[in-house]
Structures are given as C-alpha cells and as structure tokens.
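*Asks:* Sharing a structure here in structure tokens format.
The values are calculated or read from the model by the stated rules, or taken from the named source; none is laboratory data. Just so you know, these numbers come straight off a predicted model, no measurement behind them. In this analysis, Cβ positions are derived from the backbone assuming ideal geometry, glycine residues included, and neighbour counts consider all displayed protein chains. Accessible surface is based on the protein model in full, side chains and every heavy atom, while ligands, DNA and RNA are left aside. Shrake-Rupley method; radii C 1.70, N 1.55, O 1.52, S 1.80 Å.
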Amino acid sequence: RDGVAFAEGKTWKRHRRFSSMAFHYDLLKLMVPEAVKIIQERFDRLQASDMSRVDILVELQTITGEIVGRLFFGEDFSTITLEGKPIVQYLAELVVGIAQEIMNPINLMLSPSFIKKGILPRHKKILRRIHKFRDFGEKVISQRMKDIAVQYNKDADRKSMLELFHEQRLQSQEDALKDNEILDEFCTFFFAGMDTTAHLVEIASYFYLTHPECQEKLLTEVKVNFGDPPKINIEMLNHMNYMTAFMKESLRMSTPTPMLFDRTATEDHTLGEFKIKKGTLLNCAFLALNYDKKYHNEPMEFIPERWIEPSKTQESVSINPYVYTPFSMGGRNCLGQHLAMIEAKLIFGLFIKRFNYELVDKNYKLIMTFKGLYEPEQSLIYKIIP
C-alpha cells in the first residue's frame, strides 16, 4: 500500500530514506556468506529429491525468498509459518496469484481496482489471503520489534532490516516507520527481491543451456572464484566480468520488468516532441530500447561480449545511460539492484558448478509473455543431474 515502490511525495521520501540504509555496500558484504549457506542448503535438499522434472522457477523463488526474508527478519525467518506453510511459500504463492489476476483480461479492462471489490469468488479468496497475511505479518513484526528492543546489540556487524528500523526508532520515535509501514516495506522488498531475481536467474539458465559458446567461459570464472563456497566474498563476485556481462545480456534480452508502474502527469508539459496533458497515464517501454538497432548491433542475438568488448551497446549507454535501465533510473531506481545482482551471480554460479541440466521437453520453444513480470509463457522444466 505505502511501500517505497508505490508511495508518493513526503511519504515516499521518508520510506526511501529509511529503507535505503539496508542496502549499504558494507551490509551487503556481510550478507554474502549467509546467502551462500542458504543456497547450498537448498541445493542439498534438491539433490536429495526427484530431479527428473524440476520447475526451476519454483526452486529459485524459494531461495531468493529465503535470502530476502532473512535479510529483513534475521536468521530465524525460516521458522515462521502461516496456515502450515513456510512464510516464504505462502507469500510467494500470494504474489504470483495477485500478479496473474492483475494481468487477467477482465481486470485489465476494468482496472486492477476491480479485484478489491471482491465480486468474483477468486477475488474474494485473494482478498481473504491478503488480509490474513497482513494481520499475521503485523503481529509478527510487533513481537519482533519488542524482542529486538530487549536483545538489541548496537555493536553487531550484521543487522537485519528490523534492527535498522529499531535504530531509527531510537533516534526519532515520531519520525520512524510504524509496524504497518514496516510490513509494507517487507512486502515491497519480498516481491522485488524474490520474484524478479528468481525470474532473472530462470531466464539466464535458459540462455546458458541454449548458448554452449558461453558455458566454458562461465564455468572457468566459477571454478576460479567459487572453488570453496564458504570463502566466497563480494570482491570475488565483482571480479567475475563474464558472469556480470552474461547477467546484463539476460536482462537486455528478457528483463523481468520491461516497464514501470503507470504514472500520472501532474501538470501539462512537453516530453521531447510530445505534448503531455495533466492526468495522462505514462509508462516507459524499456524492452523496446533493448531491441533497438539504433543502440545495439545485432539486438536479436544473445551476445554477452557486447558488455565487455567495445560495442555499439557500450557506446550508446555511455552517451545516454537511459538506453539501458533494467533497474529503472533516477530518484526511483531500484534500491535492491546490487542485492539482486549479488543473489543472481551466487545462485546461478553455484548451480552450474554443482549440476548439469537439460530441458525435459526436447521441442521446447521460448515464447515470452507478460504475467505481471515478463517471463516464459511455458514453465522451464529441467531434468537436473549432479
């Protein structure tokens, strides 16, 4: 409702100022060992299961959701359950359900606010789950904030977002975020950090599989930097130039977020040669720029090298950084973009180090569509081999 992605004016500035503290470089450095541990634990469980038909997106959402949850709540996030399900699974299912409803043709015609009326049975079900989650979430946060107030260690190196929000209350009780506002931020970061990052790694896994010329280069970097997973650090990730280029090219070809949330013009003005009237709904088609020959050579081809070697892409971006904006740009750019890239490199690198995989459907054809996020129309189902 009032998370940093949707808030406006003074509310947005306040939420942005408080939430940005969680993504300082020093805090992200300390997060890497915990993320590696979560990923390894999940891959252990995966390897112990039937890997003949694995919906890779579901596995990735579980990992990214756990990482974001522990970043927000602390190490015991995995112990929280709702209706007998781990909170990661419950919220992931809720997020996916909401996104699918928003993109339903009926709701697109009548506007997403139609869902809030609860006229259709499936809308009533979603609204019940949302209210149940909010009631549960506010109770959990209220209790956690009370516990933190008693156990708080101001000298701890690694702090959860809840502990940072507690510090803000110590500085200014009146200005700090209230429990319901903290829940709004958690929902925002969970969706942004769980779903979009999982979709990025999902599509990266497809490009890896279908571009064997990239595989040796990636595996060489992974073997050098991920030889001993517990010792992986942020400096190693920063030196993985080909992995970074591979992820940037994946974002260019199939970014999970090819447009912004709609914005309303607050006054009459001119945008380039276009006259915009007050009240006009506006959006930015990032994906169109990603495939524009004006800015990229061979835009329909997957070529990670364009981000390393001199290219039309690099020249275009250096002249105008708005040509390539997978995490948006300006004051409302994605707060978690560095976290997302860290997660993506860690998950994908450890995955290809540990497993081989192939598509179960040998005739699979990638068709991208918009389901709230830009993603494969048909799920990527892999046979995974240790």
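*Asks:* I'd like the full set of residues that are touching a helix residue (DSSP H, G or I) at 6+ places or on another chain (Cβ under 6 Å), farther than 24 Å from Pro376 by Cα and crowded, with 17+ Cβ neighbours inside 10 Å, limited to segment 82-122.
*Replies:* Result: Leu82, Phe114, Ile115.
*Asks:* Here is a follow-up. So in segment 344-386, with the set limited to residues that are under 28 Å from Glu101 (Cβ atoms) and aromatic (Phe, Trp, Tyr), which one is farthest from the chain's Cα centre (by Cα)?
*Replies:* Among those that are under 28 Å from Glu101 (Cβ atoms) and aromatic (Phe, Trp, Tyr), it is Tyr364.
*Asks:* Within segment 296-336, work out how many residues are among the hydroxyl-bearing types (Ser, Thr, Tyr), farther than 23 Å from His211 by Cβ and without any contact (Cβ under 8 Å) to a residue 60 or more places away in the chain.
*Replies:* Count: 3.
*Asks:* Which residues, taken from segment 247-271, are basic (Lys, Arg) and modelled with pLDDT under 90?
*Replies:* Listed by number, the list holds a single entry, Arg263.
*Asks:* Scan segment 34-46 and give yes if some residue there is among the hydrophobic types (A, V, I, L, M, F, W, C), out of contact with any His (no Cβ under 6 Å at 6 or more places or on another chain), open to solvent by 20 Å² or more (accessible area, probe 1.4 Å) and closer than 24 Å to Asn238 by Cβ, otherwise no.
*Replies:* no
*Asks:* Here's another thing I want to ask about it. Of all residues in segment 48-78, count the ones that are open to solvent by 50 Å² or more (accessible area, probe 1.4 Å) and in contact with a helix residue (DSSP H, G or I) (Cβ under 9 Å, 6 or more places away or on another chain).
*Replies:* 4
*Asks:* Against the conditions (1) open to solvent by 50 Å² or more (accessible area, probe 1.4 Å); (2) modelled with pLDDT of 95 or more, where does His338 fall short? Just the number, please.
*Replies:* Of the numbered conditions (1) open to solvent by 50 Å² or more (accessible area, probe 1.4 Å); (2) modelled with pLDDT of 95 or more, the odd one out for His338 is (2).
*Asks:* Which of (1) buried (at least 21 other Cβ atoms within 10 Å of the Cβ); (2) modelled with pLDDT of 90 or more; (3) not acidic (Asp, Glu) is the odd one out, the single condition Leu209 does not satisfy?
*Replies:* Tallying (1) buried (at least 21 other Cβ atoms within 10 Å of the Cβ); (2) modelled with pLDDT of 90 or more; (3) not acidic (Asp, Glu), Leu209 fails exactly one: (1).
*Asks:* Could you tell me whether segment 146-169 includes any residue that is closer than 20 Å to Tyr90 by Cα and outside any loop (DSSP other than H, G, I, E, B)?
*Replies:* Residues of segment 146-169 closer than 20 Å to Tyr90 by Cα: none.
Within segment 146-169, none of the residues are closer than 20 Å to Tyr90 by Cα and outside any loop (DSSP other than H, G, I, E, B).
*Asks:* Would you mention how many residues in segment 272-290 are over 15 Å from Pro321 (Cα atoms) and either of a type in the set (Phe, Trp, Tyr) or in contact with a helix residue (DSSP H, G or I) (Cβ under 7 Å, 6 or more places away or on another chain) (or both)?
*Replies:* Result for segment 272-290: 1.
*Asks:* Going by the structure shown, is Gln143 outside any helix (DSSP H, G or I), open to solvent by 40 Å² or more (accessible area, probe 1.4 Å) and over 30 Å from Ile303 (Cα atoms)?
*Replies:* no
*Asks:* Right, something else. When the residues of segment 90-127 are filtered to those that are in contact with a strand residue (DSSP E or B) (Cβ under 9 Å, 6 or more places away or on another chain) and at pLDDT 80 or above, which remaining residue is farthest from Ala198 (Cα to Cα)? Reasoning before the result, please.
*Replies:* Residues of segment 90-127 in contact with a strand residue (DSSP E or B) (Cβ under 9 Å, 6 or more places away or on another chain): 90-91, 93, 103.
From the residues that got through so far, the ones that are at pLDDT 80 or above too are 90-91, 93.
Values: Tyr90: 16, Leu91: 14, Glu93: 14 Å.
Per the stated criteria, the residue is Tyr90.
*Asks:* Can you tell me which residue is nearest to Leu287 (Cα to Cα) among those in segment 368-386 that are of a type outside the set (Asp, Glu) and open to solvent by 80 Å² or more (accessible area, probe 1.4 Å)?
*Replies:* This residue is Gln378.
*Asks:* Give just the number: which of (1) modelled with pLDDT under 95; (2) farther than 18 Å from Val201 by Cα does Gln314 not satisfy?
*Replies:* Among (1) modelled with pLDDT under 95; (2) farther than 18 Å from Val201 by Cα, the lone unmet condition for Gln314 is (1).
*Asks:* Which number in (1) in contact with a Leu (Cβ under 8 Å, 6 or more places away or on another chain); (2) open to solvent by 40 Å² or more (accessible area, probe 1.4 Å); (3) without any contact (Cβ under 8 Å) to a residue 40 or more places away in the chain marks the one condition that Glu138 misses?
*Replies:* (3)
*Asks:* Output the residue which, of all residues in segment 229-260 that are touching a residue at least 24 places away in the same chain (Cβ under 8 Å) and basic (Lys, Arg), is surrounded by the fewest Cβ atoms within 10 Å (Cβ to Cβ). Before the answer, list the steps.
*Replies:* Residues of segment 229-260 touching a residue at least 24 places away in the same chain (Cβ under 8 Å): 229-230, 232-234, 237, 240-260.
Still in the running and basic (Lys, Arg): 248, 252.
Working: Lys248: 19, Arg252: 23.
Taking the candidates together, the pick is Lys248.
*Asks:* Pick from segment 69-100 the residues that are in contact with a Lys or Arg (Cβ under 7 Å, 6 or more places away or on another chain) and in contact (Cβ under 8 Å) with a residue 24 or more places away in the chain: which of them is nearest to Glu185 (Cα to Cα)? Walk me through how you get there before you give the answer.
*Replies:* Initial filter on segment 69-100 (in contact with a Lys or Arg (Cβ under 7 Å, 6 or more places away or on another chain)): 73, 77, 94, 99-100.
Add one more test, that the residue is in contact (Cβ under 8 Å) with a residue 24 or more places away in the chain, and what stays is 73, 94, 99-100.
On the way: Phe73: 12, Leu94: 16, Ala99: 18, Gln100: 22 Å.
By that ranking, first place goes to Phe73.
*Asks:* Take Lys278 and decide whether it is farther than 26 Å from Trp12 by Cβ and either assigned to a helix (DSSP H, G or I) or open to solvent by 40 Å² or more (accessible area, probe 1.4 Å) (or both). Let's see the steps before the verdict.
*Replies:* Numbers: farther than 26 Å from Trp12 by Cβ: no; either assigned to a helix (DSSP H, G or I) or open to solvent by 40 Å² or more (accessible area, probe 1.4 Å) (or both): yes.
Against the criterion (farther than 26 Å from Trp12 by Cβ and either assigned to a helix (DSSP H, G or I) or open to solvent by 40 Å² or more (accessible area, probe 1.4 Å) (or both)), Lys278 does not qualify.
*Asks:* Given Tyr322, Tyr295, Tyr291, which one is open to solvent by 30 Å² or more (accessible area, probe 1.4 Å), modelled with pLDDT under 95 and among the aromatic types (Phe, Trp, Tyr)?
*Replies:* Tyr322
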